[in-house]
Amino acid sequence: MRVVIEGVSKRYRGRRGEVEALRSVSFETRDGEFVAILGPSGCGKSTLLSIVAGLVKPDEGRVRFLQAAGGPPPANGRPLTAVVFQEFALFPWRTVRQNIAFGPEVRGLPRDQVAARVERYLEMVGLTPFADKYPKELSGGMKQRVGIARALANDPEVLLMDEPLSALDAQTRSLMQLDLLRLWEESQKTVLYVTHNLQEAAFLADRILLLSRRPGRVRAVVEVPFPRPRTEALQASPAFAAFCQELWELLRDEARAAMEAGEDG
Amino acid sequence: MNLPVGQAGETGRNGTPAANRPFRLESTARAAAHEAGLGAGPARRGEAAGPLPREVEVLPEPLPALDEPGPGYGWLGAVVIVGLLAFWELVARLGWVAPLYLPAPTAIAQELVRMAASGTLGASLTASLSRILWGLLLGAAAGLAVGMAVGLSRVAEGALDPLISLLYPIPKIAVLPLFVLWLGIGEASKVAIIATGVFFPVAINTIAGVRQTSPLLIRAALSLGANRRQVVTKVVLPSALPVIFSGLRLGTGMALLLVVSAEMVAATTGLGFLILNAGDLMLTTRLMAGIVVLSALGILSTWLLRQLERWLLPWHEP
């Protein structure tokens, strides 16, 4: 499945007048590609993701999903997208198992199929022993693994992740990056991954969509040159450091300008 | 050349050539020697010509402890209650106050047993409880329905919010004569007044609970494929439930208050009638027994609600 973003613009009306979040952003993913969306704070990265998810309507432009003509037709009632949120957004009144079951459940899958799917994704993210715990009983890393399993249990064509690891501590984040790579390599889904962490983008993505400061425009599209499967050793290599430095040079002026303009979020 | 920090520090301090060992190690060795009372032997690599700089231990200012750990004093409460009862018993037994004004606790207990045996207590309790339960049921159901509607729909909010704000402050008991006029002196008017009293806290809390549903969770549910109805039943309602529950708790208190008041104004059965009637007949012991039953009812209902909440909302911290 390819995601095609065509000339998307978005303005918000706030108390202090209108804020232009995105200005004619166009971008096309490849099939099964991992794309990181990188940009300074307040550049509209998350807005772009919400637009792709259908949670926010763009003022101009549109998002299309293109399926290879020869490929299997999307199953009926199967969702195009599922979102993993930065703040986890787990339902506190549901156990881990019930949280993962939410998507299949509201889509009306038969009970036994829901249960089978939940067990599969519980195992995939290594949370089977915690299946009957409530979110408040879990650590941040575990919560986000539930969030990822919940999105995957919907079997979406496209996985949308909105800074999924930025609420975690640095060590947990490093471990979760490896888990994410493994999960993505298993599923081969198209991923749009919003982050402000350029090492993370460089480590995970096939391509990086660099947005400018507000209003977000496409600043550059960078091909990540590292072969897969990627391991931790990559992050220690000089080539990786050089690549991150290049990225930073593309991003730095935008980030500084955004910081000095007091833009946030 | 890049010297290790320790050596530079050593040189700066003592003005002697840099030792071969890092500063930190040297320092601990010196401190150890100092603690052992050895002082600085002149033989120690010729560096310590003078006396060691003396250290003075500086104690942090003690901060006031806000939350002292230690045994609780819950048992004191029991002591106070038992002590008070004993004193009361003593006062009554010694005849300091006439039993008409202050019957002894034991006399009240005996009266309770007598009432239970004769069936008076059972009849009163049944009458009051059925009014409370019906009032609670109807009031909570209406409160929940109206609260959900106002919380979810702009139309219902615009139409009903001002009305609720207008009616809420009216003391419910003041409306009882009107209810008696409309619904007659029977059960209906009493159930109606209790239901009205329960309705407002449940409705108002339901509105508040619905409004405070996290938009993030709604977005999550939508992105997972929930439709509008599912968002309401699977996100908004469970998320509002703790707040609705505290409304129900307020409503239950209100129901107890109103059942007694209503039975005092217009009834021939129930605990309120029993108490008022005993008062009229100067049966102080019976009056007090009625009050004891009411307070037991209050404690019981609080406990029951807590159990219900634990069972319904296991994920919620009380």
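The values are calculated or read from the model by the stated rules, or taken from the named source; none is laboratory data. In this text, all values refer to a predicted model and were calculated from it rather than measured experimentally. Note that we place each Cβ from the backbone using ideal geometry, even for glycine, and neighbour counts take in every protein chain shown. The protein model used for the area step is the full one, side chains on, heavy atoms only, and it has no ligands, DNA or RNA in it. Shrake-Rupley method; radii C 1.70, N 1.55, O 1.52, S 1.80 Å.
Just one of (1) farther than 22 Å from residue A:88 by Cα; (2) open to solvent by less than 10 Å² (accessible area, probe 1.4 Å) fails for residue A:231. It is (2).
Just name the residue that is nearest to residue B:288 (Cα to Cα) out of those in segment B:94-132 that are among the small types (Gly, Ala, Ser) and part of a loop (DSSP other than H, G, I, E, B). Talk me through it step by step, then tell me what you get.
First pass over segment B:94-132, keeping only residues among the small types (Gly, Ala, Ser): B:95, B:98, B:104, B:107, B:109, B:116-119, B:122-124, B:127-128, B:130.
After this cut, where a residue has to be part of a loop (DSSP other than H, G, I, E, B) as well, the list is B:95, B:98, B:104, B:119.
On the way: B:95: 18, B:98: 14, B:104: 10, B:119: 17 Å.
This residue is B:104.
I'd like to check something: does segment B:163-183 contain any residue that is surrounded by 14 or more Cβ atoms within 10 Å (Cβ to Cβ), assigned to a helix (DSSP H, G or I), within 14 Å of chain A (Cβ to nearest Cβ) and of a type outside the set (D, E, K, R)? No: zero hits. The set of residues in segment B:63-121 being in contact with an Asp or Glu (Cβ under 7 Å, 6 or more places away or on another chain) and among the small types (Gly, Ala, Ser) consists of B:104 alone.
Checking the structure you have, find out if any residue of segment B:289-299 is under 30 Å from residue A:159 (Cα atoms), hydroxyl-bearing (Ser, Thr, Tyr) and either in a helix (DSSP H, G or I) or within 26 Å of the chain's Cα centre (by Cα) (or both).
no
Those helices (runs of 4 or more DSSP H) of segment B:202-271 in which 3 or more residues are away from chain A (no Cβ under 14 Å) and over 28 Å from the mean Cα position of the chain (by Cα) occupy B:237-265.
Can you pull out the residues in segment A:95-124 that are buried (at least 21 other Cβ atoms within 10 Å of the Cβ) and in contact (Cβ under 8 Å) with a residue 40 or more places away in the chain? Passing the criteria: A:96, A:99, A:100, A:101, A:102, A:103, A:104. A search for C-beta distances below 6 Å between a residue of segment B:123-134 that is in contact (Cβ under 8 Å) with a residue 24 or more places away in the chain and closer than 12 Å to residue B:194 by Cα and any residue that is of a type in the set (Ser, Thr, Tyr) and in a helix (DSSP H, G or I), counting only pairs 6+ apart in sequence or on different chains, returns nothing.
Right, residue B:232: open to solvent by 10 Å² or more (accessible area, probe 1.4 Å) and in contact with a helix residue (DSSP H, G or I) (Cβ under 8 Å, 6 or more places away or on another chain) or not? Against the criterion (open to solvent by 10 Å² or more (accessible area, probe 1.4 Å) and in contact with a helix residue (DSSP H, G or I) (Cβ under 8 Å, 6 or more places away or on another chain)), residue B:232 qualifies.
Test each condition in (1) open to solvent by less than 20 Å² (accessible area, probe 1.4 Å); (2) at pLDDT 90 or above; (3) of a type in the set (Gly, Ala, Ser) for residue A:236 and report the one that comes out false. Failing condition for residue A:236: (1).
Go through (1) over 26 Å from residue A:12 (Cα atoms); (2) touching an Asp or Glu at 6+ places or on another chain (Cβ under 8 Å) one by one and return the number of the condition residue A:172 breaks. Of the numbered conditions (1) over 26 Å from residue A:12 (Cα atoms); (2) touching an Asp or Glu at 6+ places or on another chain (Cβ under 8 Å), the odd one out for residue A:172 is (2). When restricted to residues that are among the hydrophobic types (A, V, I, L, M, F, W, C) and in contact with a Gly (Cβ under 8 Å, 6 or more places away or on another chain), segment B:155-191 contains 1. If you go through segment B:184-203 and keep only what is aliphatic (A, V, I, L, M) and open to solvent by less than 60 Å² (accessible area, probe 1.4 Å), you end up with B:188, B:191, B:192, B:193, B:194, B:195, B:198, B:202, B:203. Do the conditions hold for residue A:42, that is, is it within 30 Å of residue A:141 (Cα to Cα) and at pLDDT below 90? It is true that residue A:42 is within 30 Å of residue A:141 (Cα to Cα) and at pLDDT below 90.
Checking A:138, A:160, A:165, A:180 one by one, the residue that is buried (at least 16 other Cβ atoms within 10 Å of the Cβ), within 13 Å of chain B (Cβ to nearest Cβ) and within 12 Å of the chain's Cα centre (by Cα) is A:160 and no other. For the list (1) touching a helix residue (DSSP H, G or I) at 6+ places or on another chain (Cβ under 8 Å); (2) more than 9 Å from every other protein chain (Cβ to nearest Cβ), I need the number of the one condition that residue A:81 fails. Residue A:81 satisfies all of (1) touching a helix residue (DSSP H, G or I) at 6+ places or on another chain (Cβ under 8 Å); (2) more than 9 Å from every other protein chain (Cβ to nearest Cβ) except (2).
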